[in-house]
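Notes follow once the structure below has been shown.
Just so it is clear, none of the values below were taken in a lab; they were calculated from the coordinates. Every value quoted in this text rests on a predicted model; they were computed, and no experiment measured them. Methodologically, a virtual Cβ is constructed for each residue, glycine included, from the backbone with ideal geometry; neighbour enumeration extends over all protein chains shown.
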Amino acid sequence: MTILLVDDAAAANLVLADMLDKKGYDCLRASDAAQALSLAKQHAIRVVVCIRQASDTAGLDLCSSIRSLKTDHYIYFIMCTPKDNKTEKIKGLAQGVDAFMTTPVDHEKLTALVQVGMRISGFSMPKPLKKDVRKKPDVTEYDIPFARIALEKKFVTKEQLAKAFSSQKKEQLAGGRNPDQKTGDTPFPQKTADILVAQGAITEEQRDMIRREMGKNRRIVAETSQQADGSGQSPKQADISGQSPFQVQISSDRLEARFVVKNAFLDRITPDAIAKALAKENIQFKVADLEKQIIALKTALKETVSFVAVRGRAPVPGTDAFISYQFDTNYLKPGKIDAEGKMDYRERGNIPKVAPGDLLATKIPMKTGEPGIDIYNTPIPAPEAKDVVLQCGQGAHLSEDDMKAYAQIGGQPHVAVGGAVCVFAELTIDGDVNFTTGNVDFDGNVIVKGTVMNGFTVRCGHLFAKEISGAAIFALGDVVVSEGISNADIKTEGDVKARFVTGSNIKSFGSVMVDKEVIDSKIRSSAKFLSERCTIISSFVSAKMGVSARQIGTDVSAACRIHAGMDENVKKRIQAFAHAINDKKKILETVQKRYEKQSKKQRVIHQKIFELAQNQERQASDTEAANALARELDLCFKDQEILEEQIAQDLFAIEALIAEIETIGGEKEAILQWSKEEKGDPVVTVSGAITRGTKLFGIHTSYIPNETIRNVTIRETKHPEIDAWQMVIQ
């Protein structure tokens with residue numbers, strides 16, 4: 001049950017769309033008539049709600065356009081305008097508007113009208129009476145070949161044939177019937193063969209013998225998918241001179257018409273015959289070079305040959321917009337292989353640096369495709385190219401045309417998870433983060449030469465520290481700790497690297513690398529958990545791109561829980577976005593209701609002011625009465641001013657809330673898009689042991705080893721024979 005909400009003041013009516021969605025309707029939204037008409041052509045719209053804050057003309061034009069669409073059901077049209085004008089209503093009814101409302105919209109009344117519209121649109125549109133479209137048989141399609149064979153075999157004379165044709169013509173003009181037809185059917189003349197039998201010119205046996213011979217020479221192609229030749233083409237019958245010497249095969253994409261011809265009929269193929277056959281198929285595309293193709297075919301020695309008589313033009317897809325970065329966005333590598341062939345995890349690449357004014361990124365705009373055209377001369381739209389928005393965060397700014405990003409400060413360039421380009425400056429703290437420094441909130445990189453102590457918070461770009469002990473870290477970039485992380489809470493959009501992790505909760509949109517051990521911790525990574533020398537003990541580890549460790553679990557510790565292939569971070573972040581959007585919508589709904597209530601009060605005051613002004617004119621001669629009315633008018637004007645201020649505040653709040661909802665929604669979509677760019681890899685690799693009882697989870701299934709296994713790779717795969725997912729040990 002689809003509703004199209006057309007609204008040129010979206011800020012005040014987002015709640016309206018949400019209300020319709022909650023009542024079970026599928027609500028599409030458009031901001032103007034052109035967009036609305038496009039949606040109406042693409043979707044089965046049942047009811048249109050058109051809200052006009054200014055001109056009614058655009059709404060009436062849209063109604064006329066909607067009525068001109070060819071749909072199999074009625075579309076109910078509701079017009080909502082700021083005024084209740086009888087003349088406009090009459091004009092709207094003439095244009096096809098079904099119901100009128102005044103704005104602000106009364107939700108209960110609109111719901112009732114929508115329900116009425118749904119009932120009305122549920123009835124199918126009356127279809128035009130079908131005429132008898134049965135094709136009358138072409139006399140020459142059957143009778144001329146029959147007559148030619150009968151003459152060749154000397155079963156009949158030319159005089160007998162002329163008599164039979166004359167009788168057939170008279171029967172046709174007189175409205176005669178074929179004896180096989182039922183009463184009430186459209187009359188058709190009898191075939192020449194039957195007339196010749198009736199006149200005694202030939203016997204039934206001679207007639208049937210000629211028909212059998214005709215059947216050998218005729219190729220009747222049924223339009224069914226079973227007769228397709230496997231190339232995605234469905235053959236259709238094309239008749240030339242009463243027979244079917246070739247097939248017309250239309251490709252599934254309707255871009256090609258191919259003719260399949262038996263060698264025996266090549267002498268009967270002419271450009272004119274092919275053009276007529278194409279006309280019967282309603283193919284309007286220009287045919288070219290048929291003469292050359294026919295000459296080439298006639299020299300072929302194959303029993304059956306084919307050629308393409310008509311080709312359409314396939315659409316050319318556009319190219320998506322993309323961002324070209326002027327710095328290495330993924331400079332952190334897993335490590336560097338040394339001279340002995342071993343991986344040195346300390347060598348992870350050179351950190352990029354920029355100066356103020358340096359170019360950081362350039363947007364390469366999308367290119368629209370070229371539409372194609374099929375053999376029926378019908379346009380084929382080109383696939384739509386996707387656009388992308390170049391965004392800037394701290395330390396960067398956009399050019400005036402929003403196509404380039406430049407550094408505002410010197411420092412380290414970085415691309416956030418949502419796609420914003422940033423530049424981080426640097427803050428160096430020579431000792432610990434403690435009561436001397438206080439909490440650190442810095443728009444750039446923070447270098448702590450000591451420990452981030454218990455109870456303190458650091459908010460920054462990248463964080464480099466000796467140790468983190470009991471602190472809370474919120475980083476847009478990487479968190480690199482030369483010693484260990486203990487009893488800490490870390491949330492970062494980059495990688496995390498430490499010597500050990502104990503009693504901590506880490507959420508990273510990058511990879512997590514631990515050299516020695518993870519104990520009693522929860523780690524969620526949107527990339528990899530990577531450490532060939534690490535032991536995981538009594539911990540929960542989730543990594544979208546797989547888990548690699550030396551050992552998982554011990555015989556005396558609680559069982560570990562390992563998730564591979566799933567992105568727990570994105571899942572949690574999306575849930576948080578959804579909760580935030582719902583909370584904003586609830587506040588928006590409250591403000592909207594208050595706004596509507598105040599608008600009703602305002603209309604009542606306007607009416608009262610109008611009535612008091614009229615009474616004051618009538619009581620002009622009575623000074624006392626006129627003064628009393630003047631005092632009452634002053635009170636009304638004061639109430640009106642208060643209401644107008646409250647309404648203005650509510651409208652400002654509505655617009656602000658909608659902007660916040662759109663911003664959160666944009667961040668949500670950016671995170672989802674970022675997550676979809678790379679599929680998860682459900683794999684767990686250990687060079688040592690996985691202790692029995694460890695709980696291993698992939699995307700679709702799980703596995704708990706009942707005995708300790710060593711030096712294995714466990715990957716989730718789909719078994720082709722049983723069509724089920726399983727954990728395979730390699």
For this session: Could you go through region 564-576 in sequence order and give the Karplus-derived ³J(HN,Hα) for each residue, using 6.51 cos²θ - 1.76 cosθ + 1.60 with θ = phi - 60°, rounded to whole Hz, and x for Gly and Pro?
Result: 10, x, 9, 9, 5, 4, 4, 4, 5, 5, 5, 4, 5
Seminar exercise, completed: XL table Lys449/Lys679; Lys363/Lys544; Lys449/Lys507; Cα-Cα > 32 Å flagged, in table order, is Lys449/Lys679
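Taking neighbour counts of Cβ atoms within 10 Å as a proxy for exposure, in what order, fewest first, do His414, His719, His107, His397 appear?
Exposure proxy ranking, most exposed first: His719, His397, His107, His414.
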For this session: Taking amide H positions as placed in the peptide plane 1.01 Å from N, state which residues far from Ile536 in sequence (5 or more) or on other chains have amide H under 5 Å from it.
Result: Val518, Gln551, Ile552, Gly553
Exercise. Can you work out ³J(HN,Hα) from phi for every residue in region 686-693, in order, using Karplus 6.51 cos²θ - 1.76 cosθ + 1.60 and θ = phi - 60°, giving whole Hz and x for Gly and Pro?
Worked result: 10, 8, x, 10, 10, 5, 4, x
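First select every other residue whose beta carbon is under 11 angstrom from the beta carbon of Ala472; then total the charges, Lys and Arg +1, Asp and Glu -1.
Net charge in that neighbourhood comes out at +1.
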Exercise. How many angstrom lie between the C-alpha centres of region 649-719 and region 602-627?
Worked result: 69 Å
Exercise. For region 343-429, which chymotrypsin sites (Phe, Trp or Tyr not before Pro) are in a loop by DSSP, counting at most 16 other Cβ atoms within 10 Å?
Worked result: Tyr376
Seminar exercise, completed: In whole Hz, the Karplus estimates of ³J(HN,Hα) for region 465-478 (6.51, -1.76, 1.60; θ = phi - 60°; x where Gly or Pro) are 9, 6, 7, 10, 10, x, 9, 10, 10, 10, 10, 7, x, 8
Exercise. Which far-off residues, 5 or more places away or on another chain, put their amide H under 5 Å from the one on Val479, with H placed in the peptide plane?
Worked result: Leu463, Asp495, Val496, Lys497
Seminar exercise, completed: Long-range amide H partners of Asn445, meaning residues 5 or more apart or on another chain whose placed amide H is closer than 5 Å, are Ala425, Glu426, Leu427, Gly461, His462
For this session: Of the listed pairs Lys386/Lys668; Lys404/Lys571; Lys466/Lys528, which have alpha-carbon separations greater than 28 Å here?
Result: Lys404/Lys571
For this session: Determine the distance separating the Cα centre of region 369-442 from the Cα centre of region 446-517; give it in Å without decimals.
Result: 25 Å
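Hand me the trypsin sites (Lys or Arg not before Pro) from region 639-730 located in a DSSP loop with no more than 14 other Cβ atoms within 10 Å, in residue order please.
Filter output for region 639-730: Lys679, Arg692.
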Exercise. Would you list Cys80, Cys63 from fewest to most Cβ contacts within 10 Å?
Worked result: Cys63, Cys80
For this session: Over 17 Å, how big is the tail of the calculated P(r) for region 2-121, in percent of all Cα pairs?
Result: 50 percent
